[in-house]
1. For Asn318 and Thr98 in one chain, what is 0.36 nm times their gap in residues minus the Cα-Cα distance, to one decimal in nm?
2. What fraction of the DSSP beta bridges in the chain is antiparallel, stated in percent and rounded to the nearest 5?
3. Return the aspartates and glutamates within reach of Lys324: Cα separation strictly under 19 angstrom, same-chain partners fewer than 8 residues apart disregarded; answer none if there are no such residues.
4. Among Lys147, Lys324, rank each residue by its count of other Cβ atoms within 10 Å, from fewest to most, as a rough exposure measure.
5. Does segment 87-141 come out rounded, prolate or oblate by the C-alpha gyration tensor, with a ≥ b ≥ c the root eigenvalues, rounded set by a/c under 1.5 and, if not, prolate when a/b is larger than b/c and oblate if not?
6. Amide H of His53: which non-local residues (sequence gap of 5 or more, or other chain) have their own amide H closer than 5 Å, using H built in the peptide plane?
7. Any idea how far apart Ser340 and Leu18 come out in nm if each label point goes 7 Å out from Cα toward Cβ?
8. What's the center-to-center distance, using Cα atoms, between segment 269-331 and segment 341-374 in Å?
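Every number here is computed from the coordinates shown, using simple stated rules; none is lab data. Being a predicted model, the structure only gives us computed values, none of them experimental. Glycine gets a Cβ as well: all are built from the backbone with ideal geometry, and neighbour counts include every protein chain shown.
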Amino acid sequence: MMVRDEADIIGAVLDYHLAQGVDTIIVTDNSSIDGTTEILEGYASDGRIDLRHDPVQRKQQSPVVTQMARDAFTIHGADWVLNADADEFWSCTGSDITLAEAFAQIPKSIQSFSVPVTDMTGPPAADGTGLQRLTYQDHRTLDSLAKVGLLAHSTHDAAHIGTADVNVVQGNHYVSIGSQGAPDPEFEIGVRHFPWRSWAQFSNKVRNAGTAYESQTILTPSPNHHGMRDYRRLLEGTLRGSYVLRHPSAEEIEAGLASGEFVLDEQISRAVASPTPDLPFDAELEHVERILGGVVEAREALRKEVELRDAETASHINVLEAEKAELRALLLTRDATIHSQVQRIRALEAYSTELRNRRIVRAADALARKLRSH
């Protein structure tokens, strides 16, 4: 994993996966300044992790993670490699066994497979890791997500066999090794994802990602990329309302549990403690921010609708212009045809007149000859 400013959760993630039987954890610290570096050094000092340092902050995740994935095989002899983020907890979801026990039963002939990622949610907070607060699997529909400013659920991760020539795509979602199947249901692997743990953590994450994208020239994310959208909101001062809005209220949780959009899941909350205690929002502040977040999303939806209508209008105009140009070309063609036909008619009339005149002349000559003969 490659990490930056994850002090509120990194210790819990490392402890959890070591308890799951993971043999080696390679971590590259991306110049953290919130205490993450010191936490990692504590784990590295007694050999629990292989710690590296990369001071560059230009969204170079793909080459860094690719090198770690290759080293997992060439240096540590890994049979399987999991490319993870610092806010992810991997586990066997098919049965109550550890990761090590599950992967011991997954044939290496599969080579690689996709690992579904489930976002965990719950009430918002000003600060805190929130593992005991964010205890609901988020299965909201895309329409429900759109209403709170989210485009989609998290993309799957990838697990692959150890090899010296693997390439890991930016984001850890895809690898260059083709999949030859999937684990048996009993040994299925899944990820519980905690991306928005607190306002303090989330706002710092958005700021770090946005400035990193701005400082490089290789990657060109879409303005609608979730990170860039959030960074835009941070700069305009509306991000906190968006953060609060994407977390369900108590009433929404109750309704979501009844509908199946939320599913209670306390596996991580029971397995590991939260390094940073929760600091709840003031109830009135949370209420105001939720309203402001709704206003921001309504404005965003209106902006998208206007853009869509503008695009549709522009498309209609383009179609009309094309039809007008086609009609103009058709009229020009018909005008040319009519002109040609008129010219032909005039030529025929001239020729007819000429023939008529010749006939009259011949008749007059014949009459003159006849008169002379008499």
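1. Numbers: separation 220, 0.36 × 220 = 79.20 nm, distance 5.98 nm.
73.2 nm is the gain from fully extending Asn318 to Thr98.
2. Details: 19 of 28 bridges.
Antiparallel bridges make up about 70 percent of those DSSP assigns within the chain.
3. Leaving aside aspartates and glutamates fewer than 8 places away in the same chain, those within reach of Lys324 are Glu312, Asp335.
4. Numbers: Lys147 16, Lys324 10.
Least to most surrounded, the residues fall as Lys324, Lys147.
5. Details: a/c = 2.95, a/b = 2.24, b/c = 1.32.
Prolate.
6. Asp29
7. 8.9 nm
8. Measuring centre to centre over Cα atoms gives 83 Å.
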